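Have a look at the structure below, then the notes.
Derivation of every value follows stated rules applied to the coordinates shown; laboratory data play no part. A quick note: this is a predicted structure, and the numbers were derived from the prediction, not measured. Glycine also receives a Cβ, built like all others from the backbone with ideal geometry; neighbour counts cover every protein chain displayed.
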Amino acid sequence: MTNANPVRVRFCPSPTGNPHVGLVRTALFNWAFARHHGGTLVFRIEDTDASRDSEESYEALLDAMRWLGLDWDEGPEVGGPHGPYRQSQRMDIYAEVADKLLAAGHAYRCYCTQAELEERREQARKEGRPSGYDGRCRDLGPERIAEFVAEGRSSIVRFRMPEESITFTDLVRGELTFSPRDVPDFGIVRANGAPLYTLVNPVDDALMEITHVLRGEDLLSSTPRQIALYEALAKIGVGNGGVPRFGHLPYVMGEGNKKLSKRDPQSSLNLYRERGFLPEGLLNYLSLLGWSLSEDRDIFSLDEMVRAFEISAVNANPARFDLKKCEAINATHLRELPLDAFREACAPWLREPFAPWAPEAFDQVAFDELAPLAQTRLTVLSDITANVDFLFLDEPVRDEASWKKAMKPGAREVLASARERLLAADWKAEALKEAVLAAGEEHGLKLGKAQAPVRVAVTGRTVGLPLFESLEVLGRDRTLARIDVTLERLAQEAD
Ligand code: GLU
Ligand code: ZN
């Protein structure tokens with residue numbers, strides 16, 4: 001086969017649980033690498049473990065990739081010449097490869113029971129020998145095998161590791177060597193015939209002609225085994241004979257300098273979607289977990305990342321997941337959206353189930369007027385709801401902490417005076433500000449102090465969008481009515 005561009009990478013998650021940020025980082029680096037080199041990204045689903053995999057998770061993975069905008073060239077939905085791309089649909093292939101490996105002597109049947117393995121492992125540990133599989137069944141004669149079978153023992157298929165050490169140059173870590181002592185023979189097919197990750201992953205990499213394997217450091221220990229297996233596959237004519245190059249991406253550390261785990265709530269992709277991160281903001285941040293565009297630039301677009309992405313620039317040191325920085329980067333991407341795109345992006349948080357107002361109360365014109373002010377302030381899109389709810393609720397929310405903070409002694413007087421001046425004011429932000437400023441001065445208060453009771457009366461909260469623009473959009477009648485309600489409550493509280 002001739003192919004001008006041989007770069008072929010894969011993203012091959014198992015569909016278990018919900019997508020997490022570690023997975024997204026792996027997908028992103030593979031995607032950026034493929035796009036940078038004009039190569040091919042294969043999306044493969046490693047669903048050979050029926051007890052853990054679920055259809056729901058499979059759908060969630062596809063949905064996540066679509067939301068992120070990470071497109072793939074071969075895989076579910078798009079197909080491709082190396083399909084099927086779900087391992088659960090490739091079981092015949094694995095069975096055939098396992099038979100070939102057995103026939104050629106690259107693998108053998110191991111009849112050891114769990115109890116025997118455990119006992120010998122324990123013994124080896126006591127004697128300070130390596131505690132991995134000891135090769136007991138490597139060269140069983142036919143009589144011994146017949147005996148085991150007669151005893152009713154079941155067997156797994158084990159791969160026969162070569163006697164020599166294995167050296168490879170990791171694209172991130174440089175040259176690494178594993179001695180045979182560290183890599184014992186390993187199982188590739190369970191007693192019930194189910195093929196294991198150790199087999200199906202390299203078999204598919206070989207058949208799908210993968211050239212570069214970029215994945216998390218947690219998989220580094222499986223690499224020497226996979227390299228040995230590729231070499232065996234080449235000898236039995238599975239795949240085109242090449243061994244991919246490997247690059248292991250650094251660990252991502254979470255709170256307390258512990259590895260960020262997929263069970264960590266902070267690592268759930270859904271959380272970021274629900275909070276209203278932009279895909280480009282989240283991906284920008286995740287790209288920094290092990291890579292950087294340049295020392296002085298943290299903010300960039302995906303296109304810029306693709307143009308600059310080199311695997312050799314990936315850092316082997318663990319990266320720390322910093323939620324604050326992730327939020328700050330997202331905020332910057334929000335500011336950079338064209339206004340229309342920003343308004344559009346807010347839309348999900350302006351309706352059910354996020355919006356607390358009646359759907360018919362939503363007023364697009366009012367929202368559009370305040371949107372530019374919101375765009376310079378939000379960290380995540382979900383913040384929009386609380387920033388504009390005062391426009392669409394009949395009564396503003398009641399936030400008791402805000403009430404206590406704003407309604408200090410004297411608040412009632414200043415609010416009453418503000419009401420009078422607002423009544424007479426031209427209904428434009430600048431004039432409204434003058435009105436509240438004057439009310440404050442009358443009572444010896446600076447603008448900040450004077451506007452707090454007005455803000456809480458009208459929006460329910462002490463923090464929000466610029467007050468006078470908000471009042472302008474809300475309108476005179478509604479503003480004054482809310483101040484009246486508040487004055488009444490203050491009067492009651494004073495009694
Ligand atoms: N299915 C494996 C996982 O999700 C893939 C690992 C690999 O990239 O080789 O951990
Ligand atoms: Zn054995």
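Rounded to the nearest 20 debye, what is the charge dipole size of the range 270-312 about its Cα centre when +1 sits on each Lys and Arg Cβ and -1 on each Asp and Glu Cβ?
My answer is approximately 200 debye.
Here the contact order of the chain, divided by its residue count and restricted to Cα pairs under 8 Å and six or more residues apart, works out to 12 percent.
What fraction, in whole percent, of alpha-carbon pairs in the chain exceed 36 Å separation? That tail contains 49 percent of the Cα-Cα pairs. Computed over the range 254-316, relative contact order equals 25 percent, with contacts defined as Cα pairs under 8 Å that lie 6+ residues apart. The simple Förster model, with R0 at 45 Å and r as the Cβ-Cβ distance, assigns GLN364 and ASP92 a FRET efficiency of 0.20. Add -39500 (n - 2.57) for each DSSP H run of 4 or more in the chain, then divide by its residues: what number comes out at 222 nm, to the nearest 500 deg cm²/dmol? Result for the chain: -14500 deg cm²/dmol, rounded to the nearest 500.
Test of the criteria: in the range 151-253, which GluC sites (Glu not before Pro) are in a DSSP loop and have at most 12 other Cβ atoms within 10 angstrom of their Cβ?
Here the sparse-neighbourhood loop sites are GLU151, GLU163, GLU164.
For the range 347-495, averaging the sequence separation of C-alpha pairs within contact (under 8 Å, six or more residues apart) and dividing by the residue count gives a relative contact order of 27 percent.
Rank the residues MET161, MET91 as a footprinting-exposure proxy: fewest other Cβ atoms within 10 Å of their Cβ go first. Walk me through the numbers on the way to the answer.
Details: MET161 24, MET91 14.
Lowest count first: MET91, MET161.
Applying the Karplus relation 6.51 cos²θ - 1.76 cosθ + 1.60 with θ = phi - 60° to the range 70-77 yields 3J(HN,Hα) values of 8, 8, 10, 9, 9, x, x, 6 Hz, where x marks Gly and Pro.
Listed by Cβ neighbour count within 10 Å, with the fewest neighbours leading, LEU350, LEU220 appear as LEU220, LEU350. For ILE45, nonlocal amide neighbours, meaning residues 5 or more places apart or on other chains whose placed amide H falls under 5 Å from its own, are ARG86, GLN87.
Of the GluC sites (Glu not before Pro) in the range 303-400, the ones in a loop by DSSP (not H, G, I, E or B) with at most 12 other beta carbons within 10 Å are GLU310.
Classify the range 321-414: rounded, prolate or oblate, from the alpha-carbon gyration tensor (a ≥ b ≥ c, eigenvalue square roots; a/c under 1.5 rounded; otherwise prolate if a/b is larger than b/c)? Because a/c hits 1.5 or more and a/b fails to exceed b/c, the range 321-414 counts as oblate.
The Cα center of the range 423-438 and the Cα center of the range 260-338 differ in position by 43 Å.
Using the Cβ-Cβ distance between SER165 and ARG138 with R0 = 25 Å, the FRET efficiency computed as 1/(1 + (r/R0)^6) comes to roughly 0.85. Once Rg and the Kirkwood radius are both taken over the C-alpha atoms of the range 241-281, their ratio Rg/Rh works out to 1.17. Residue exposure proxy: THR376, THR223, ordered by other Cβ atoms within 10 angstrom of their Cβ from fewest to most, comes out as THR376, THR223.
Taking a ≥ b ≥ c as the square roots of the eigenvalues of the Cα gyration tensor, the range 411-495 is classed as rounded, since a/c falls below 1.5.
Using every pair of distinct Cα positions in the range 367-406, the Kirkwood expression returns a hydrodynamic radius of 11.4 angstrom. The H on the amide N of LEU214, modeled in the peptide plane, is under 5 Å from the matching H of ARG10, GLY247, each at least 5 residues off or on a different chain.
Between amide H atoms placed 1.01 Å from N, distances below 5 Å from PHE186 occur with PHE159, MET161, all of them 5 or more places distant or on a separate chain. Which of rounded, prolate, oblate describes the range 70-182, given a ≥ b ≥ c as roots of the alpha-carbon gyration tensor eigenvalues and a/c under 1.5 marking rounded, otherwise prolate only if a/b is larger than b/c? Here the range 70-182 falls in the oblate category. Only Lys, Arg, Asp and Glu carry charge here, each on its Cβ (+1 for the first two, -1 for the last two); on that basis the chain has a dipole of about 1260 debye about its Cα centre.
Building the convex hull from the alpha-carbon atoms of the range 6-93 and averaging its projection over directions returns 5.7 nm².
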